[in-house]
1. Which count do you get for residues in segment 357-394 that are at pLDDT 80 or above, among the β-branched types (Val, Ile, Thr) and open to solvent by less than 10 Å² (accessible area, probe 1.4 Å)?
2. Could you tell me whether segment 268-276 includes any residue that is surrounded by 19 or more Cβ atoms within 10 Å (Cβ to Cβ), free of Cβ contacts under 8 Å to residues at least 60 places away in the same chain and small (Gly, Ala, Ser)?
3. Can you name the number of the only condition in (1) over 19 Å from the mean Cα position of the chain (by Cα); (2) touching a residue at least 24 places away in the same chain (Cβ under 8 Å) that Ser116 fails?
4. Is it the case that Gly173 is within 28 Å of Ile39 (Cβ to Cβ), out of contact with any Ser or Thr (no Cβ under 9 Å at 6 or more places or on another chain), modelled with pLDDT of 65 or more and not in a loop (DSSP other than H, G, I, E, B)?
5. Hey, can you tell me all the residues within segment 290-305 that are open to solvent by less than 60 Å² (accessible area, probe 1.4 Å) and either modelled with pLDDT of 80 or more or in contact with a strand residue (DSSP E or B) (Cβ under 8 Å, 6 or more places away or on another chain) (or both)?
6. Taking segment 277-289 only, how many residues are β-branched (Val, Ile, Thr) and either open to solvent by less than 10 Å² (accessible area, probe 1.4 Å) or modelled with pLDDT of 85 or more (or both)?
7. What residue, of Val181, Val156, Val125, is of a type in the set (A, V, I, L, M), surrounded by 20 or more Cβ atoms within 10 Å (Cβ to Cβ) and closer than 15 Å to Ser24 by Cα?
Amino acid sequence: MGAPVVGPWRWVILLVNTGVCFVSFGVLKSMGVFIDEFIEYFECSTRAAGLVVSLPFTIGMVTGIFTGVLQRIMGTKLLMIFSGALISVSLIIAAVVSTKFSHIALCFVVCSFGFSIMQTVSVAVLLQYFPDNFASMNGVSLIGGPVGMMIVPPVVQQLIQLYGWRGALALLGAMSANYCVFAALVRPLRTKNSYTPIADGEPSSSTNPPPNESLWHKLRQTFGIISDKLCLQMFVDEPGFVTLLFVSFLEGTLFCGWHIFLIPNGIALGFNETRSSFLATFAGSGTILGRVLSGFLIDQGLLQAHNLLAGSSFLLALVCLLDPIAAPSYEAVATLATLGGFFFGVLYPLMIVLSVNFHEKKIVSALSWMFLFTGSGASVGGFIIGWIYDVTGDYGVAFCTMGVISAVMGMLSVTLRPTCFPCKTQNRALD
């Protein structure tokens with residue numbers, strides 16, 4: 001495949017991805033503000049509220065493995081606009097018409113399909129424009145996430161006080177409409193030798209199969225096509241990929257559990273709602289540094305990605321285990337929030353960097369599988385942490401549990417080696 005011609009527009013793409021991250025992580029972190037509101041209004045348990053508020057970022061990830069196919073059918077820009085509109089409309093409908101908690105859950109599930117597509121395609125477009133220094137640029141674009149985490153939750157808390165949870169959620173949906181604006185600025189690169197979905201020897205839709213083919217042969221042929229589209233062969237050819245997906249699952253569990261329940265933990269410790277919402281600001285400030293630093297260290301060859309992933313996981317475990325000790329002091333909890341944000345700022349970009357080191361035709365599928373497992377873990381995290389609090393009445397136990405999970409993630413990360421991901425991110429382009 002010919003090398004793409006990258007022009008000045010790549011800096012616009014970088015700003016687009018930064019904006020996407022700002023909205024995505026701002027909405028994610030703000031969901032923690034709604035937990036107590038949902039518990040009081042719908043009279044539900046903490047585990048149910050934790051599960052539902054994690055749904056916009058989890059369930060729809062199962063469709064992410066089909067994003068590559070959808071991208072070839074609809075095109076990058078149109079697919080991103082569609083997903084942005086789906087996110088915005090779903091959140092607004094959830095705020096306006098929901099009378100039962102199940103209505104909120106259903107709207108959030110629909111919303112999650114849009115988030116899944118937006119997340120996968122935006123990363124793939126960034127890789128297309130920055131093939132040689134993707135780790136650094138990915139870290140820079142992800143700065144939008146912690147900035148959103150710092151700004152949006154305190155604003156949402158004030159909106160709830162002014163307009164109630166319905167008004168605040170509707171305004172979050174309106175803010176999400178900016179996805180469509182970001183998508184309109186995307187200009188996917190083209191190469192001289194464009195990849196065509198139908199490979200040599202693969203039957204096209206216009207080719208009628210021989211009449212004497214057996215049903216078993218047709219089923220095998222169909223499965224082979226599906227397997228090729230989803231790149232299932234990666235699970236066999238790349239043993240390290242399976243380990244990476246399990247690590248992604250654990251990272252999703254930690255990411256959602258820690259971010260969603262950071263604010264409720266502050267409220268449970270006796271801090272007022274405003275001070276608790278500003279814990280997200282402390283976490284966001286740490287995340288900014290972590291995301292910039294991780295990409296710089298990798299691109300400069302100072303550290304291997306798997307070593308940095310393991311070290312950050314072990315240190316994050318220590319931060320979580322110290323939460324019960326720091327509980328009486330707001331300053332100590334804020335410090336741990338900053339450190340936790342820093343290590344999460346390192347971890348999340350590394351999952352993306354490790355997932356793109358495959359052949360160019362497998363990149364979107366590899367990212368989609370990673371986001372699928374991360375999203376599945378996020379669903380588990382939202383439910384498990386809420387369940388632990390329901391049983392024990394103490395978020396300290398929940399945070400200690402997350403510390404143990406982080407330590408396990410660190411041990412698995414040590415087993416990853418650069419040889420598991422031999423392909424370099426060079427000269428990659430998307431259709």
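1. 1
2. Yes, because at least one residue in segment 268-276 is surrounded by 19 or more Cβ atoms within 10 Å (Cβ to Cβ), free of Cβ contacts under 8 Å to residues at least 60 places away in the same chain and small (Gly, Ala, Ser).
3. (1)
4. Numbers: within 28 Å of Ile39 (Cβ to Cβ): yes; out of contact with any Ser or Thr (no Cβ under 9 Å at 6 or more places or on another chain): no; modelled with pLDDT of 65 or more: yes; not in a loop (DSSP other than H, G, I, E, B): yes.
For Gly173, the condition - within 28 Å of Ile39 (Cβ to Cβ), out of contact with any Ser or Thr (no Cβ under 9 Å at 6 or more places or on another chain), modelled with pLDDT of 65 or more and not in a loop (DSSP other than H, G, I, E, B) - is not met.
5. Gly290, Arg291, listed by residue number.
6. Pass one, segment 277-289, residues β-branched (Val, Ile, Thr): 281, 287-288.
Next, only the ones that are either open to solvent by less than 10 Å² (accessible area, probe 1.4 Å) or modelled with pLDDT of 85 or more (or both) stay: 287.
Of the residues in segment 277-289, 1 are β-branched (Val, Ile, Thr) and either open to solvent by less than 10 Å² (accessible area, probe 1.4 Å) or modelled with pLDDT of 85 or more (or both).
7. Numbers: Val181 fails: surrounded by 20 or more Cβ atoms within 10 Å (Cβ to Cβ); Val125 fails: closer than 15 Å to Ser24 by Cα.
Exactly one residue qualifies, and that residue is Val156.
Residues checked against (1) at pLDDT below 80; (2) surrounded by fewer than 24 Cβ atoms within 10 Å (Cβ to Cβ); (3) under 19 Å from Val110 (Cβ atoms):
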site: Gly2; (1), (2), (3): yes, yes, no
site: Val12; (1), (2), (3): no, yes, no
site: Thr18; (1), (2), (3): no, yes, no
site: Met31; (1), (2), (3): no, no, yes
site: Ile59; (1), (2), (3): yes, yes, yes
site: Val62; (1), (2), (3): yes, yes, yes
site: Gly68; (1), (2), (3): yes, no, no
site: Gln71; (1), (2), (3): yes, yes, no
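The values are calculated or read from the model by the stated rules, or taken from the named source; none is laboratory data. This is a predicted model, so every value here is computed, not measured. Note: ideal-geometry Cβ built from the backbone for every residue, glycine included; neighbour counts use all protein chains shown. Note: accessible area is taken over every heavy atom of the protein model, side chains too, but ligands, DNA and RNA are not part of it. Shrake-Rupley method; radii C 1.70, N 1.55, O 1.52, S 1.80 Å.
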